[in-house]
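For reference, the structure discussed in these notes is given below.
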Amino acid sequence: MRGGSWVLQRTMVSGFAYRRLRIAVEDSLVCAVYLLAHKRDGTLYLGVTSNLSRRIWEHKTKTAPGFTARHAVDRLVWYEVYDRIDEAIAREKAIKKWHRAWKVALIEAMNPDWDDLYGRLNA
């Protein structure tokens, strides 16, 4: 394990306790919820990842086939960073239920010009 750390956690699930080993492999890993767009007011894609920079690169290079590759959705227009992936997943699930107008408002509060924020991640 490079530059990482581990924490043994005790978690309750459905009344049963179990142990979980949480490993942080690198400091560069950033758990995040993100929105991609094809263009301003275009097709949106909501995702979650434990490595934002790598995942956006995958979308941009169309490494993984799927919705974003088929619809040319590769502009990072919004993201939120979390310490834990479970928090990011919960936020993604909540936002998926939102109306499109609410997602657009979220984007425009952070990025009114719908600029591609990918360059800022790697600056």
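The values are calculated or read from the model by the stated rules, or taken from the named source; none is laboratory data. Just so it is clear, the model here is predicted, and its values are computed rather than measured. Neighbour counts run over all protein chains shown; Cβ positions are idealised from the backbone, glycine included.
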- Query: How many residues, within segment 71-123, are among the acidic types (Asp, Glu) and within 20 Å of CYS31 (Cβ to Cβ)?
  - Reply: 5
- Message: Among (1) in contact with a Gly (Cβ under 6 Å, 6 or more places away or on another chain); (2) modelled with pLDDT of 90 or more; (3) of a type outside the set (Gly, Ala, Ser), there is one condition PHE67 misses while meeting the rest; what is its number?
- Response: (1)
- Task: Please give the number of the condition ILE89 fails out of (1) assigned to a helix (DSSP H, G or I); (2) more than 11 Å from the chain's Cα centre (by Cα).
- Result: (2)
